[in-house]
Amino acid sequence: MANNKEKTYWPHMIMGFLLIGITLGYWTVKSATSIPVQESNEYMLKYQQADMNINTILEKKAQFDKNYNIELTHAKMLKEKIEHSKVQKERQSVALVKGKNVFTYKVMQKDGTVISDANVTFLLTRPHTRKDDVYIENIPFIDGQYKVDNIDVIKPGRYTLQLRAKIGDAVGYSNISAYLKP
């Protein structure tokens, strides 16, 4: 029997690679679960609900768009150029004020007749986060308009004004960008 003076390190390398793989797998799972998932506010629904019911949502929206309009009234608009774009474009946003804001909407038939019995819901949200959302159901109809009072906006930045109006089976949406300057 010959003396084996050569040492083999391959079992140690296999164990080392296995240990590194397990450690990296654990780290990946731990870091992925610690980061919150940001949900979409498209159609004022969670994205799973919107995805499952998209055909019904689009049918109801088409029915609404055929007969009705949603219009934001008495809002100061802000024009701004989009920087870092190859095409020179301007974007219109609602100019927000720091503190209390009031938004008024009209829901009208195509002939201009104001609808007073719509079920109207409002959402003020920021892109990529739901932390600062303001959600109000059953907006009151006052003086020929749906009036959203005393929305407190403090943090500067981009916002989105979303409104959903239900009239019978028809559902309409308004999605307008807004901005509060620092």
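The table for this structure:
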quantity	calculated
One residue from TYR146, TYR159 being touching a strand residue (DSSP E or B) at 6+ places or on another chain (Cβ under 6 Å), modelled with pLDDT of 90 or more, among the aromatic types (Phe, Trp, Tyr) and closer than 20 Å to TYR47 by Cβ	TYR159
Residue in the range 132-140 that is without any contact (Cβ under 8 Å) to a residue 60 or more places away in the chain, out of contact with any Phe, Trp or Tyr (no Cβ under 7 Å at 6 or more places or on another chain), open to solvent by less than 40 Å² (accessible area, probe 1.4 Å) and not in a strand (DSSP E or B) present	no
Extreme residue, least open to solvent (accessible area, probe 1.4 Å), among residues of the range 100-131 that are of a type in the set (D, E, K, R), assigned to a strand (DSSP E or B) and in contact (Cβ under 8 Å) with a residue 24 or more places away in the chain	ARG126
Matching residues in the range 6-28 - criterion: being surrounded by 10 or more Cβ atoms within 10 Å (Cβ to Cβ) and either closer than 30 Å to LYS131 by Cβ or aromatic (Phe, Trp, Tyr) (or both)	PHE17, TYR26, TRP27, THR28
Extreme residue, farthest from GLY112 (Cα to Cα), among residues of the range 38-72 that are among the aromatic types (Phe, Trp, Tyr) and touching a residue at least 60 places away in the same chain (Cβ under 8 Å)	TYR43
Helices (runs of 4 or more DSSP H) fully within the range 1-68 counting 3 or more residues that are modelled with pLDDT under 85, among the polar types (S, T, N, Q) and within 25 Å of the chain's Cα centre (by Cα)	none
Top-ranked residue in the range 69-99 [being at pLDDT below 70 and among the aliphatic types (A, V, I, L, M); ranked as surrounded by the most Cβ atoms within 10 Å (Cβ to Cβ)]	ILE82
Selection status of LYS147, open to solvent by 30 Å² or more (accessible area, probe 1.4 Å) and either hydrophobic (A, V, I, L, M, F, W, C) or without any contact (Cβ under 8 Å) to a residue 40 or more places away in the chain (or both)	no
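The values are calculated or read from the model by the stated rules, or taken from the named source; none is laboratory data. Since the structure is predicted, the reported quantities are computational estimates derived from the model, not experimental observations. Note that each Cβ is placed from the backbone with ideal geometry, even for glycine, and that neighbours are counted across all protein chains shown. In case anyone asks, the SASA skips ligands and DNA or RNA and just uses the protein heavy atoms, side chains included. Shrake-Rupley method; radii C 1.70, N 1.55, O 1.52, S 1.80 Å.
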